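What follows is a short report on a single structure.
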Amino acid sequence: ERLLAMARRLLHEIADIDGLRVCGNPGDNAVPVITLLLESPQVARQLVDALSDREIHIAHFTYTSGDTARMVRIPLSARHSVEDLERLVAGLREVVGR
């Protein structure tokens with residue numbers, strides 16, 4: 001329950017960041033892996049790299065093409081803390097610049 005509560009919190013935080021779009025329409029039906037759809041594969045790669053520079057690691061679908069090449073995944077685990085989520089959201093806001 002804690003993990004799903006964290007996923008719901010992250011979904012709500014991401015919804016407030018202009019330029020980020022959650023894949024699908026999860027509403028409050030959170031799952032512990034959140035997929036974002038970016039403008040282009042290059043923007044997705046830049047986001048992943050910029051977060052990695054801040055020691056925040058998310059996954060980019062580098063082996064695909066089309067829409068899936070624009071996707072990045074944010075996997076959550078029960079080991080993540082509220083502070084981890086806050087750091088991720090701050091990093092996303094900083095990188096996306098909104």
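The values are calculated or read from the model by the stated rules, or taken from the named source; none is laboratory data. Here the structure is a predicted model, which is why all the values come from computation and not from measurement. Glycine gets a Cβ as well: all are built from the backbone with ideal geometry, and neighbour counts include every protein chain shown.
Values as computed for the structure displayed
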item	result
Count - residues of the range 43-60 that are within 13 Å of Val96 (Cβ to Cβ) and part of a helix (DSSP H, G or I)	7
From the options Leu11, Leu3, residue that is out of contact with any helix residue (DSSP H, G or I) (no Cβ under 9 Å at 6 or more places or on another chain) and either modelled with pLDDT under 90 or surrounded by 16 or more Cβ atoms within 10 Å (Cβ to Cβ) (or both)	Leu11
